[in-house]
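Structure, as structure tokens:
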Amino acid sequence: QVQLVESGGGLVQPGGSLRLSCAASGSILSINAMGWYRQAPGKQRELVAVMSRVGATNYGDSVKARFTVSTDNAKNTVYLQMSSLKPEDTAVYYCNVVNLGISYWGQGTQVTVSS
């Protein structure tokens with residue numbers, strides 16, 4: 001089993017920045033990818049950003065050039081630096097780690113962008 005602990009969510013004004021963190025622990029044998037998804041009320045969960053173990057990244061269209069995903073492989077931690085936040089970025093953000101081909105999810109952290 002793999003456990004994920006997220007942190008860094010909260011309330012921010014439009015145009016502001018936040019940094020999310022997600023630390024993985026447990027039976028970590030071979031991480032294939034780490035990243036973030038989000039789900040707004042009444043909407044489906046969508047890709048925000050993911051990074052493969054070799055460093056390849058993939059971003060959702062709505063966050064390109066504003067969000068940056070990074071990892072610290074020594075700490076099994078993935079980060080999401082969010083800038084120029086918009087009200088439409090408001091959602092629960094979920095950390096996702098793929099370990100040995102199995103997908104694990106964090107409990108989610110709320111990000112609210114509002115003045």
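Quick note: the coordinates plus some simple rules give every number you see, no bench work behind them. None of the values given here were measured: they were computed from a predicted structure. Here the Cβ is made from the backbone with ideal geometry for all residues, glycine too, and neighbour counts use every protein chain on show.
What does the charge dipole of the stretch 40-87 about its Cα centre add up to, to the nearest 20 debye, if the Cβ of each Lys and Arg holds +1 and the Cβ of each Asp and Glu holds -1?
80 debye
Each listed q (0.14 Å⁻¹) maps to a log10 I(q)/I(0) for the stretch 7-69 from the Debye sum over equal C-alpha point scatterers, namely -0.51.
With only Cα atoms counted, the chain has Rg and Dmax values of 13.4, 43 Å.
Taken about its Cα centre, the chain carries a charge dipole of roughly 60 debye when the Cβ of each Lys and Arg holds +1 and the Cβ of each Asp and Glu holds -1. Taking every C-alpha pair closer than 8 Å and separated by at least 6 residues, the mean separation divided by the residue count of the chain gives a relative contact order of 37 percent. Between R53 and W105, the simple spin-label model (points 7 angstrom out along Cα→Cβ) gives 2.4 nm.
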